[in-house]
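Colleague: Below are the structure tokens for one structure; questions will follow.
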Amino acid sequence: MMTGVTARQELLDHLGQGVTTVCRAWRVTRKDGVAYGFTDHDRDLAFDGAVFKASSGMTARALQQSTGLSVDNSETVGALSDAAVEEGDLAAGRFDGAEVRAWLVNWADTGQRIEQFRGSFGEISRAGGAFKAELRGLTDQLNQPQGRIFQRNCSTILGDARCGVDLNVLGHAVEVAISGFDALGRMLLDGLEGFAPRWFERGRLRVLTGAAAGLVGVIKLDRTADGARVIDLWHGLGADLGVGDLLRLEVGCDRSAATCKAKFGNFLNFRGFPHIPGEDWLASYPVSTKPNDGGSLGR
């Protein structure tokens, strides 16, 4: 078996010759595990247990790489087609943050190759039956904010390790099918009589079946109207929902201390600072009707 060092050296030796047989190959792996292989060669390639299609019309611009923490970047351009990347999948966000690996390959001997890039999809645009995707290197992750934020509300995501709330507990999540849509296009659901109105507001909606299966949205509205439960999202999912599609609704949280204590009984894991003073205290002044003893502002 050829090692990575050997494969790299053999390709470098090949590039030192007068005539070369090289091309580029990309492997794109979405967050849901679906993988695609592309190449700018005129025939399909296969290595590492993956097939790289030549019929996708994929091309790539020059890769910019540098030392230090500056972000390596490039772009890839391809045609939208059923055989490669579908426009509906791009619109639904299925390729957002997808992992990308790119190689320079000797198509006459695919064992000779160098991995030139590894990162993820950034901004994606579509026009004229084609798409253009920004490629962001691994160092882009180092540009993300890290650490805790000092704020009144909780900084965790409901159900994560720091929060500790189990979303699989009865009452915290439910699976239900769409029974219809109202005049405004909002979802109508049956079978939620055991849940108080607004119980799922600010919670997550996961689509389990149908054209939008695998997509996730944030619930904006959870109300009862004319005997039916009305659910609406802050943003569209990018794929059509239909009657009968199965959904998973997860309980909502506004991240306040009162909600954490009363709704979830989880105040010991609250990760906010409910008594931190607001900005208006800077302009405050003593008044006779309030205590002015220098004590806590959270009383």
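Colleague: Check Arg202, Arg198 and return the single one that is crowded, with 17+ Cβ neighbours inside 10 Å and on the phi > 0 side of the Ramachandran plot. Steps first, answer last, please.
Modeller: On the way: Arg198 fails: crowded, with 17+ Cβ neighbours inside 10 Å.
After applying the criteria, what remains is Arg202.
Colleague: Can you work out which of the residues in segment 59-113 that are out of contact with any Asp or Glu (no Cβ under 9 Å at 6 or more places or on another chain) and of a type in the set (Asp, Glu) is modelled with the lowest pLDDT?
Modeller: Asp82
Colleague: Mind checking which residues of segment 1-40 are assigned to a strand (DSSP E or B) and not polar (S, T, N, Q)? If you could, list the steps in order and put the result at the bottom.
Modeller: Keep residues of segment 1-40 that are assigned to a strand (DSSP E or B), which gives 22-29, 35-39.
Passing the criteria: Val22, Cys23, Arg24, Ala25, Trp26, Arg27, Val28, Ala35, Tyr36, Gly37, Phe38.
Colleague: Confirm whether Asp182 is under 27 Å from Leu247 (Cα atoms), surrounded by 13 or more Cβ atoms within 10 Å (Cβ to Cβ) and acidic (Asp, Glu).
Modeller: Numbers: under 27 Å from Leu247 (Cα atoms): yes; surrounded by 13 or more Cβ atoms within 10 Å (Cβ to Cβ): yes; acidic (Asp, Glu): yes.
So Asp182 fits the description; yes.
Colleague: Separate question: Only one of (1) buried (at least 18 other Cβ atoms within 10 Å of the Cβ); (2) not in a loop (DSSP other than H, G, I, E, B); (3) not polar (S, T, N, Q) is not met by Lys132, so which one is it?
Modeller: With (1) buried (at least 18 other Cβ atoms within 10 Å of the Cβ); (2) not in a loop (DSSP other than H, G, I, E, B); (3) not polar (S, T, N, Q) applied to Lys132, the lone miss is (1).
Colleague: If you don't mind, there's one more thing I want to ask. Among the residues of segment 111-129, which ones are buried (at least 19 other Cβ atoms within 10 Å of the Cβ) and within 20 Å of Cys23 (Cα to Cα)? It would help to see each step written out before you state the result.
Modeller: Going residue by residue through segment 111-129, those that are buried (at least 19 other Cβ atoms within 10 Å of the Cβ) are 112-113, 117, 119-121.
Gln112, Arg113, Phe117, Gly119 - these are the residues of segment 111-129 that are buried (at least 19 other Cβ atoms within 10 Å of the Cβ) and within 20 Å of Cys23 (Cα to Cα).
The values are calculated or read from the model by the stated rules, or taken from the named source; none is laboratory data. Bear in mind the structure is a predicted one, so any value in this text is a computation, not a measurement. As a convention, Cβ positions derive from the backbone with ideal geometry for all residues, glycine included, and neighbour counts pool all protein chains shown.
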